[in-house]
1. For a protection proxy built on the mean count of beta-carbon atoms within 10 angstrom, sort 158-169, 32-43, 214-225, 280-291 highest first, please.
2. What net charge is computed for the residues neighbouring residue 256, neighbours being all others with C-beta under 9 Å from the C-beta of residue 256, Lys and Arg scored +1, Asp and Glu -1?
3. Quick one: which residues, 5+ away or cross-chain, put their amide H under 5 Å from the amide H of residue 83? H built at 1.01 Å from N.
4. Mind checking the dipole of the chain: about its Cα centre, +1 per Lys or Arg Cβ, -1 per Asp or Glu Cβ, Debye to the nearest 20?
5. Which one of 296, 324, 278 has its Cα pushed farthest toward the positive end of the charge dipole of segment 214-325, where Lys and Arg give +1 and Asp and Glu give -1 at the Cβ?
6. Just want to confirm a number: the relative contact order over the chain, from Cα pairs under 8 angstrom separated by 6+ residues, in percent.
7. Using amide H atoms built in the peptide plane, which far-off residues or other-chain residues are under 5 Å from residue 146 H to H?
8. Relative contact order for segment 177-325 using alpha-carbon pairs under 8 Å, separation at least 6, rounded to a whole percent?
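Just so it is clear, none of the values below were taken in a lab; they were calculated from the coordinates. Everything quoted here is computed from the prediction, not taken from an experiment. With ideal geometry, Cβ positions are generated from the backbone for all residues, glycine too; neighbour counts draw on all protein chains shown.
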Amino acid sequence: MLIVCYKDYKVSGKLKIREEQAPYPNDEEVLIRVKSFGINRPDLLQKKGLYPPPASASKILGLECSGFVEKTGKKVKGIKEGDKVCALTAGGAYAEKVSVHQWHCFNIPKNLAFSEAAVLPEVFMTCWANIFELGSLKQGDSILIHGGNSGIGCAAIQLAKWAGATVICSVRTEEKKNFCEALGCTSVINIGKEDFVEYIQEKFPSKINVILDMIGGDFTEKNLRCLGEYGRLVQIAFLKGQFPKVDLMQIIKQRLVITGSTLRARSDKEKKRIADQLKKNIWPEIENGNIKPCLNKEYELSEINEAHEFMENSMHMGKIAVTIS
């Protein structure tokens, strides 16, 4: 099978396509013939040596895909050969075939193309776990989502709306602001022109219940100033640095919570729990068209470097997929 290889990336600055032996599913796995896979920011970090995969995971890039089930393990139930599925992977999706635990597979919602389905699992599972399980977002709460135009942002906006929350997000351009407004945000802050702390303090005097942040660095102290009493800051990445300065007195006085998580290193059972919640609550909404994949751009496998460059330059508004013909 063909795979995307990053072995020589530090030297060449390019991902390469090469042949490798196909994986074989264990008793609880299915082998998927990949039709499309999603691009995620952890992929960019992994190719640079900054985000090593878990010891038990495939060393091939890729955290989500869609395609046909080609083979099933002996203990697989409810999935058969020929089924169309999308799936969360711990690695290995940048390939013509990948083995995936049966618990992490989803039926492809009706009327979705493979490329649209491929970009669902990673961001929606990440957002569900962090917004609802850690952030405890509920109906009537307010949430500030940084990077609302990103794949995570698009999923977070839609899940927060579904939950009945007031949704605010930050972006860096007017084009991205218009995009997030079209997704249904109550307020969108262009931080290229406005200070988001001043905006929140003026427009939302009672401040914010939950903040979902991927930035870190100097955003952390600013985020804390935007939270109301018992507010929750949920950190899922730190593009501007992982060692921020914070005022501990502010946390104590307002009884704030700082939390966060990653998805990839979780156990199969933990991922199953999250996947089951999505299947129960969100997949019907996708089937009905109330929640959308937000696929921004689609590339061919031969264009994998162009796909990564598009994300690295932060040009995307939504998700990026790569199709395998």
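1. Output ranking for 158-169, 32-43, 214-225, 280-291: 32-43, 158-169, 214-225, 280-291.
2. My count for the surroundings of residue 256 gives +2.
3. Long-range HN contacts for residue 83: 69.
4. 640
5. Checked the options; the winner is 278.
6. The value is 17 percent.
7. 170, 212, 214
8. Once normalised by length, the contact order is 15 percent.
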